[in-house]
Amino acid sequence: MWSIKLSIGLWLLLSLRALAESKNAINVFKRADALTSETVERNVDFTHPRKLVKRASPYLTDATQKFVVNGSAIPDVDFDVGESYAGLLPISSAPDESRQLFFWFFPSANPEASDEVTIWFNGGPGCSSLSGFLNENGPFQWQPGTFRPVENPYTWVNLTNMVWVEQPVGVGYTQGVPNITDEIQLSQEFAGFYKQFATTFGLENRKVYLTGESYAGFYVPYIADEFIKQDDDVYFNLAGVAINDPILGDSTIAQQVTVVPYVDYWANIFSLNASFTAAIHERADQCNYTSYYNTYLTFPPPPAPFPVLPDPFQSEEATCDVFDTVYLAAQAVNPCFNIYHILDTCPFLFNQLGIVNQGDYEPPGAQVYFNRTDVQAAINAPVGTNWMQCTNKNVFGGATNNQSLSDRSLGPASDGTLTRVIEATNNTIIGAGNLDFLLPTNGTLMALQNITWNGQQGFQKYPATEFYTPYHPEYNKGALAGAGYLGLWGSERGLTFYQVQLAGHELPEYAPGAAYRVVELLLGRIKSFGDASDFTTQMGNFTGTSPIYEV
């Protein structure tokens, strides 16, 4: 899900910095029409989930038989998760190819999904997409601090054929030696894998959608750009991309410039004293962060590329590193401060994915789910693998495994990559959860204001339309989702931007209904986030016959 590097004594994601304040977000909680007993049942018992109907599958062939996963035999999951396939496939057709990526493929029973495939990436770099599968959008969900997995009513498999892929080489169950140094090489290797995957499962001539979060802000645009360059609709028919809480561009602008306004907006949560708050305001003024924020986070933005600010870590004193100053103070007030979801307080919750971040808790005797041999055997993974949520290998170390190297690519908002993807698809969705301290809203929005697409720079108006998430009849106590007006959005010239008020870094975990809506828009099932309609899988009857259901 994320990787962490030590910076000025702190564990920080990727040494990349992005913060956000959410302008005009105070009114996002306007209530929709009053609920009635006919539309919502708050005391549904999910002890007995729906039964799956077995049917002949077009995906089960001699070539795919070895990848079959028994949906009723996944450890600790006491229900049938349905048809799926998992295993390793090479990144090229070369007979001596040793590099292989691990995938888990879930065909959808939704008839509207017949001509499409949607792929999910987590970030890092070097973190497994199975973390998103288990905590966020997979058919079963095991969230931190909970007793056992539950069926996920908001799995994206309800909507589309889903593939979770561990990449690049060096991550999770992947095989082979990492040998890349930049995103161009990463995207070429993934394109090679995807062609092998599509050929194996008969997925040629499908529309392909790319989704992800965090460092997938690099992965998704670069892989999308590679698909576009292939000019091959048989295998690489890119139809759209959606990324939540991404890192896209300059880290100083994204994080340092926005940190003080972010603290001001969430002052009651940070609970920092008056003298400290005054000091960081003074520091932001001295480092030109205040004036920069007021000048460039505007709609429309000033024309021409924004000036580049000095990296605060280029000076020995790092005087202008306001972000780390705030982070230290937040940890002093709240020792369990979570940079991905600032509402968290003590105690730390155990996550079945294992320890990744400073303060993560692993009780004595606990086992990481995907590091268990019974789980590995059940999903056709190499048994005995020391699976880690985020690898300790340098996936961008090149052929010589140079530990001093890191991803040499610029952010996709900085080198034209993201622009090409927006203009090629006219179906690009980028958003953020406002409770994410590390890679949140206005860091992302400022990066978008600094790029030109389809003839103009940035958004001409602040994205301030209310984001509607449908009310729904099911209240699975193990997988709840909010409803109503949950945030804001806007769309211009093929790019949609959204923010969700009470979501952290992992949108499908904290606001699964809103994330479900994002996928519906990506797939073209709804016209906009303003549609006050039911989920497309409900059809308004709530009778228990749809994937989001009531029992």
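Quick notes on this one:
- Contact order relative to length of segment 236-317, as percent, for alpha carbon pairs under 8 angstrom and 6 or more apart: 38 percent
- Among the listed pairs 66/527; 195/461; 207/393; 195/393, those whose Cα-Cα separation exceeds 29 Å are 66/527; 195/461; 207/393.
- Segment 340-404 - convex hull of the alpha-carbon atoms, volume per residue in Å³: 145 Å³
- Förster radius 25 Å - calculated FRET efficiency between residue 177 and residue 408, Cβ distance, rounded to 0.05: 0.85
- Taking Lys and Arg as +1 and Asp and Glu as -1, the other residues whose beta-carbon sits under 12 Å from that of residue 236 total -2.
- Relative contact order %, segment 52-206, counting alpha carbon pairs below 8 Å whose residues are six or more apart: 26 percent
- Whole-number Å³ per residue for the convex hull built on Cα positions in segment 254-396: 201 Å³
- Each label point was placed 7 Å from the Cα along the Cα-to-Cβ direction; for residue 399 and residue 532 their separation is 6.2 nm.
- Residue ranges 172-182, 254-264 sort as 254-264, 172-182 when ordered by packing (mean number of other C-beta atoms within 10 Å per residue, highest first).
- Once the Cβ-Cβ distance of residue 298 and residue 62 is raised to the sixth power relative to R0 = 51 Å, the FRET efficiency obtained is 0.30.
- Length gained when the stretch residue 462-residue 76 is fully extended (0.36 nm per residue, less Cα-Cα span): 134.3 nm
- Options 537, 484, 361, ranked by Cα towards positive dipole end of the chain, top entry (Cβ charges): 537
- Cα-projected label distance for residue 392 with residue 331, points at 7 Å along beta-carbon direction, nm: 2.0 nm
- Calculated FRET efficiency for the pair residue 114/residue 148, C-beta based, R₀ 35 Å, to 0.05: 0.55
- J(HN,Hα) series, segment 248-257, from Karplus relation 6.51 cos²θ - 1.76 cosθ + 1.60, nearest Hz, glycine and proline x: 10, x, 5, 6, 5, 5, 5, 10, 5, 5
- Long-range HN-HN contacts of residue 526 with modeled amide H, under 5 Å: 521
- Annotation: amide H-H contacts under 5 Å for residue 467 (H modelled 1.01 Å from N, sequence separation of 5 or more, or interchain): 486, 487, 488, 489.
- Its Cα centre serving as origin, segment 89-247 has a Cβ charge dipole (Lys and Arg +1, Asp and Glu -1) of approximately 380 debye.
- Over the chain, relative contact order from alpha-carbon pairs under 8 Å, at least 6 apart, %: 21 percent
- Charge tally in the Cβ shell below 9 Å around residue 132, where Lys, Arg are +1 and Asp, Glu are -1, residue 132 excluded: -4
- Rounded to the nearest 20, the Cβ-based charge dipole of the chain about its Cα centre (Lys and Arg +1, Asp and Glu -1) stands at 400 debye.
- Seen from residue 245, the other residues with C-beta closer than 10 Å to its C-beta sum to a net charge of -3, counting Lys and Arg as +1 and Asp and Glu as -1.
- Considering helices alone, the calculated mean residue ellipticity of the chain at 222 nm is -6000 deg cm²/dmol, with DSSP H runs of length four and up weighted by -39500 (n - 2.57) and normalised per residue.
- Each principal axis of the Cα atoms in segment 49-196 has its own extent, and those three values, largest first, are 45, 39, 27 angstrom.
- Cα gyration tensor shape for the chain, rounded if a/c is under 1.5, else prolate or oblate: rounded
- Cα centre as origin, Lys/Arg/Asp/Glu Cβ charges: segment 237-320 dipole, Debye: 220 debye
- Here the chain carries DSSP beta bridges of which approximately 55% are antiparallel, counting only pairs with both residues inside.
Values in this text are rule-based calculations from the coordinates and carry no lab data. On a predicted model such as this, the values are computed, not experimentally measured, just so you know. Because the Cβ atoms are built from the backbone with ideal geometry, glycine has one as well, and the counts that use them run over all protein chains shown.
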